[in-house]
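The structure appears right after this line, and notes come after that.
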Amino acid sequence: GAGVSQSPSNKVTEKGKDVELRCDPISGHTALYWYRQSLGQGLEFLIYFQGNSAPDKSGLPSDRFSAERTGGSVSTLTIQRTQQEDSAVYLCASSSRADGNTIYFGEGSWLTVV
Amino acid sequence: LAKTTQPISMDSYEGQEVNITCSHNNIATNDYITWYQQFPSQGPRFIIQGYKTKVTNEVASLFIPADRKSSTLSLPRVSLSDTAVYYCLATTSGTYKYIFGTGTRLKVLA
């Protein structure tokens, strides 16, 4: 696609429920990133993928968070048993070595846990 | 990975030139410097990228001195719509764990 696409754009869920956030990167971008941004705060790195592999998962806040990427394209970030502190915007980005690894972001998925 | 440091906030008036400096003392030889702009409720947007000396595009200029331990984003004649948070980031082709700093919150006043 023309840009990084994320869905849903907004999600309200009840505490304790599981949520899945989807990211469709720019076509041909091999690297994919997930960040989290709480209201008024900076960008918190969560995880990156090179192809389908996530070499470093240390940025994930807890074991309730997981992410996968299939076919070197779409990625899903899953949050299990959501808590109120999970409320934030989850930003996905992608990059390509051919473009100097410039990161291009999507518009984010706004998650509210009530 | 190079850690970046920026001022937390800056105020400016419309029509002025704004310079935002980022420190990256431990920048690696292969690192590029990339600046992003973020408006409220939107994802960060790429502004400019450079390796050394000066880079200019239709939006901004980026100055990187010879030692590359800092860089300065220059926004000419800012307008109210330039009010945003600006992030600098050191990126290296081949590594992907990019940690953003706190960013600089620029407020442009009428």
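Of note:
- A simple rule links phi to the HN-Hα coupling: the Karplus curve 6.51 cos²θ - 1.76 cosθ + 1.60 with θ = phi - 60°, which for the stretch A:31-43 gives 9, 9, 10, 10, 10, 10, 9, 7, 4, x, 10, x, 8 Hz, with x for Gly and Pro.
- Using the alpha carbons alone, the radius of gyration of the protein assembly as shown stands to its Kirkwood radius in an Rg to Rh ratio of 0.98.
- Distance between the pseudo-spin-label points of B:Phe46 and A:Ala2 (7 Å out from Cα toward the beta carbon): 1.6 nm.
- Per residue accessible area in Å² of the stretch A:5-113, where ligands, DNA and RNA are left out and the probe is 1.4 Å: 45 Å²
- Its residues counted as N, chain B yields a C-alpha radius of gyration over 2.2 N^0.38 Å of 1.02.
- Beta bridge orientation in the protein assembly as shown: antiparallel %, DSSP, nearest 5: 85 percent
- Against the empirical 2.2 N^0.38 Å (N residues), the stretch A:5-113 has a Cα radius of gyration ratio of 1.01.
- Here's the list of lysines a cross-link from A:Lys57 could span, going by alpha-carbon distance under 23 Å and ignoring same-chain residues fewer than 8 apart: A:Lys17, B:Lys3, B:Lys97.
- Here the relative contact order of chain B, from alpha carbon pairs under 8 Å that lie six or more residues apart, stands at 37 percent.
- About the Cα centre, charge dipole magnitude for the stretch A:5-113 (Lys/Arg +1, Asp/Glu -1 at Cβ), debye: 80 debye
- Under 11 Å from the A:Leu39 label point (7 Å along Cα→beta-carbon), backbone N, the stretch B:82-109: none
- Take every Cα pair under 8 Å whose residues are at least 6 apart in sequence, average their separation, divide by the length of chain A, and the relative contact order is 37 percent.
- Using the Karplus relation 6.51 cos²θ - 1.76 cosθ + 1.60 with θ = phi - 60°, the per-residue 3J(HN,Hα) values for the stretch B:15-31 come to x, 7, 8, 10, 10, 10, 9, 10, 9, 9, 4, 9, 5, 8, 4, 8, 6 Hz, with x marking Gly and Pro.
- Euclidean distance between Cα centres, the stretch B:16-61 to the stretch A:10-49, Å: 23 Å
- In the distance distribution for the stretch A:45-88, Cα-Cα pairs more than 15 Å apart total 44 percent.
- Solvent-accessible area buried by pairing A with B, both sides, nearest 100 square angstrom, 1.4 angstrom probe: 1900 Å²
The values are calculated or read from the model by the stated rules, or taken from the named source; none is laboratory data. The shown structure was predicted, so the numbers you read here are calculated from the model rather than taken from an experiment. With ideal geometry, Cβ positions are generated from the backbone for all residues, glycine too; neighbour counts draw on all protein chains shown. Just so you know, the surface numbers come from the protein's heavy atoms only, side chains and all, with ligands and any DNA or RNA stripped out. Shrake-Rupley method; radii C 1.70, N 1.55, O 1.52, S 1.80 Å.
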